[in-house]
Structure formats: structure tokens, C-alpha cells
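Peer 1: Have a look at this one.
The values are calculated or read from the model by the stated rules, or taken from the named source; none is laboratory data. None of these values were measured; they are calculated from a predicted model. Quick reminder, even Gly has a Cβ in these numbers, built from the backbone with ideal geometry, and neighbours come from all protein chains shown. SASA here: full protein model, heavy atoms, side chains in, ligands and nucleic acids out. Shrake-Rupley method; radii C 1.70, N 1.55, O 1.52, S 1.80 Å.
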Amino acid sequence: LTTTINGGSDGTDGVFKLTANTMTGGKAIDINVNALTTGTAIEVIGNSALIGGKLLHLETTSASATNPVVITADSVNTGTIMQIDAAGITSGNGLLIEGGSGTTISSGSLLKLTTTTQEPDNGIMQVVANSVTSGKIVQISANGLTSGEAFTISSSSSSLTNAGSLAS
């Protein structure tokens with residue numbers, strides 16, 4: 001399948017459009033690249049004019065969706081699963097997670113890191129800012145806080161000995 005749009009064509013309905021409004025199960029698009037050893041399965045490149053659009057837009061209007069986007073790479077044991085390169089950013093955010101618009105998040109959180117490893121050599125989370133000479137490395141703002149804590153470190157471990165600490 002090769003399609004070319006030239007000149008004033010705006011692709012309002014898409015160059016490729018798949019409509020499956022009555023589909024209730026299965027996969028609308030299935031791409032299998034099992035033998036791919038180098039290269040890219042899906043590539044969107046060459047856009048230097050983007051101002052207000054999106055290179056990738058995934059959206060669900062379901063209030064019951066439990067995992068609308070899943071990346072599974074359980075067999076990868078070295079390397080990086082997901083990488084965001086934003087070396088040119090001077091204002092804005094490399095990654096923004098917005099949510100919790102109600103009065104409470106009764107369970108869950110906007111960011112949760114979970115592991116079952118027992119001895120992580122480099123920490124479960126790292127902030128590496130070795131070139132910073134002034135400014136802030138971590139900033140927590142909680143201007144509306146009237147009760148609770150802005151930052152909590154806790155452990156229910158009865159095995160913590162002199163060799164370990166909750167903070168240092």
C-alpha cells in the first residue's frame with residue numbers, strides 16, 4: 001500500500017482510515033514483525049512544521065478502561081524499554097502526566113513504580129543531574145496542602161539494621 005498526497009490536500013479523513021464502529025473484540029490492526037532484528041516496525045518521521053498537531057494521538061472515552069496503553073517487554077534484560085529524547089527543550093516538560101481532577105484519588109496514583117527485585121544496585125528510581133551547578137534538582141510544590149505530608153518515607157520492615165537507613 002503506497003499513497004501520496006501532494007499540494008493542498010489536507011488528509012482530513014486520513015490517508016489510511018479504518019472504521020470498525022461495531023467491532024467488540026479482536027484486533028483492528030495486527031502487525032507481526034517477529035523476524036525483525038534491525039529497523040523499525042512503525043515509524044513516523046520528517047515533520048519539521050508541527051506546531052499544534054500530534055505525531056501520535058491515542059484516546060479513549062471509556063470510563064471503565066483499565067489499561068488503555070500497555071507496553072510489554074518482559075524478555076528484555078538489558079537496554080532501555082522506552083526512551084524520550086528532549087535534549088533541545090528549554091521550557092515546557094519532557095514528560096507531563098496530568099490527572100486527578102476530582103477532589104480525591106482514593107486508590108492508585110499518577111505515578112507508581114513497582115518492582116519485585118530484592119537488591120537493586122542503582123536504586124528503583126534515579127535522578128542523574130551531574131552537570132547541574134546551580135538551580136534545583138527536585139522541586140515539590142504543595143501550596144494548597146492543609147493536612148497530610150508533602151513527602152513521606154516509610155517502612156514497616158522490622159529487619160532494618162545499622163547497615164541500612166530510610167534516608168541518607
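Peer 1: Inside segment 67-98, can you point out the residues that are more than 30 Å from Gln139 (Cα to Cα) and either touching a His at 6+ places or on another chain (Cβ under 9 Å) or among the β-branched types (Val, Ile, Thr) (or both)?
Peer 2: Result: Thr72, Val76, Thr78.
Peer 1: Does any residue in segment 80-95 that is on the phi > 0 side of the Ramachandran plot and assigned to a loop (DSSP other than H, G, I, E, B) come within less than 9 Å, Cβ to Cβ, of a residue that is open to solvent by 90 Å² or more (accessible area, probe 1.4 Å) and among the hydroxyl-bearing types (Ser, Thr, Tyr) six or more places away or on a different chain, and which pairs are these?
Peer 2: Every condition considered, no pair remains.
Peer 1: Could you please tell me which pairs satisfy a Cβ distance under 8 Å, a separation of 6+ or placement on different chains, a first residue in segment 40-67 that is over 21 Å from Ile84 (Cα atoms), and a second residue that is open to solvent by 80 Å² or more (accessible area, probe 1.4 Å)?
Peer 2: If the second residue must be open to solvent by 80 Å² or more (accessible area, probe 1.4 Å), the pairs left are Thr60/Pro68; Ser62/Pro68.
Peer 1: Find the residue count for segment 102-142, including only residues that are more than 20 Å from Asp74 (Cβ to Cβ) and open to solvent by less than 90 Å² (accessible area, probe 1.4 Å).
Peer 2: 12
Peer 1: Return yes or no: is Gly99 among the small types (Gly, Ala, Ser) and surrounded by 10 or more Cβ atoms within 10 Å (Cβ to Cβ)?
Peer 2: Criteria met by Gly99.
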